[in-house]
Structures are given as structure tokens and as C-alpha cells.
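FYI, it's all coordinate maths here, none of it is from the lab. Keep in mind it's a predicted model, so treat the numbers as computed, not measured. Please note: Cβ atoms are built from the backbone with ideal geometry, for glycine as well, and neighbour counts cover all protein chains shown.
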């Protein structure tokens, strides 16, 4: 009988990285899918589903993200968060007022809803500047 064991990452046994992504002219869905993979840690060979092995992601220039087709006018976010609070806001309106919320919402929908709370490691900024220079983030190509 062979002695091959499946690798399981332990909580503090790995190093977290920081990546910065420029969202300028990137399609929103493809950008969010790549960010979700990095937040979960699926880009590493040490990926373990029940342990948070992912890295931090900083998104800059969120206001310049690209929405393909007619999603700017047609796609609608509908609820205010309160009971009976049915409100309609188009993606174009959200992109104009709070572009960081649009990326946060789409990425949050792509990561698992569990105790790990992976979307906390996502930092989104509308402009080109971010306050995380001390972490020395590496450029991530999408």
C-alpha cells in the first residue's frame, strides 16, 4: 500500500501575498472571476477549501472598468436591504456614484459564503491611488 497523503494547509503555515490590479478597460465579469480565484487561493498548489489560503487584492481605477453590451442601462440592482425596500438602480448609476461598490458586489457573489469571509481581503479604490504601499503589492495581469 502506498503512503501518498493529501496535502492540507494549516492556518499559519503559509505566506499571504498582496496583488494590485488595474481595472482600466477590463470586462467586469472576467476581472471579478480572476480576483475571486486569487482571494480563495485557487491559484496556488496549496489550496485547501476549508482554510483561507488566498491573497489580498487591491483594485485601482474601478471607475474605468468596462461593462460590455447594454449592461450599463439594462442590468439592475434591485434591493435596498430593508424589508419591503425594493429599489431599482442600474449598473451605470452605481458605476457613476460608487464604482468600488460595483466590483465588491460582483466579486462577493463569486466567492463562497462561509466562515472564511474571503471578500474582506478585497480592497477597491475608484482612482489610481491606494494606501497599501507598505505591503509592497505585486502587479497582477488579467
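Matching residues to (1) within 19 Å of residue 98 (Cα to Cα); (2) part of a loop (DSSP other than H, G, I, E, B):
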| residue | (1), (2) |
| --- | --- |
| 6 | no, yes |
| 10 | no, yes |
| 15 | no, yes |
| 21 | yes, no |
| 34 | no, no |
| 44 | no, yes |
| 57 | yes, no |
- Message: For residue 73, only one of the following conditions fails: (1) loosely packed, with under 14 Cβ neighbours inside 10 Å; (2) in contact (Cβ under 8 Å) with a residue 24 or more places away in the chain; (3) touching a helix residue (DSSP H, G or I) at 6+ places or on another chain (Cβ under 8 Å). What is its number?
- Response: (2)
- Scanning the range 105-122 for residues that are in contact with a helix residue (DSSP H, G or I) (Cβ under 7 Å, 6 or more places away or on another chain) and over 24 Å from residue 50 (Cβ atoms) gives 106
- Task: Report, by residue number, each residue of the range 57-76 that is closer than 26 Å to residue 40 by Cβ and in contact with a strand residue (DSSP E or B) (Cβ under 6 Å, 6 or more places away or on another chain).
- Result: 57, 58, 59, 60, 61, 62, 66, 68
- Filtered residues of the range 66-120 (kept if within 28 Å of residue 18 (Cβ to Cβ) and assigned to a loop (DSSP other than H, G, I, E, B)): 67, 98, 109, 110, 111, 112, 113, 114, 115, 116, 117
- Message: Suppose we filter 62, 33, 23, 9 for residues that are within 19 Å of residue 115 (Cα to Cα) and in contact (Cβ under 8 Å) with a residue 12 or more places away in the chain; which single one remains?
- Response: 9
- When the range 1-48 is checked residue by residue, the ones that are exposed (fewer than 11 other Cβ atoms within 10 Å of the Cβ) and either farther than 19 Å from residue 121 by Cα or under 13 Å from the mean Cα position of the chain (by Cα) (or both) are 1, 2, 3, 4, 5, 6, 7, 25, 45
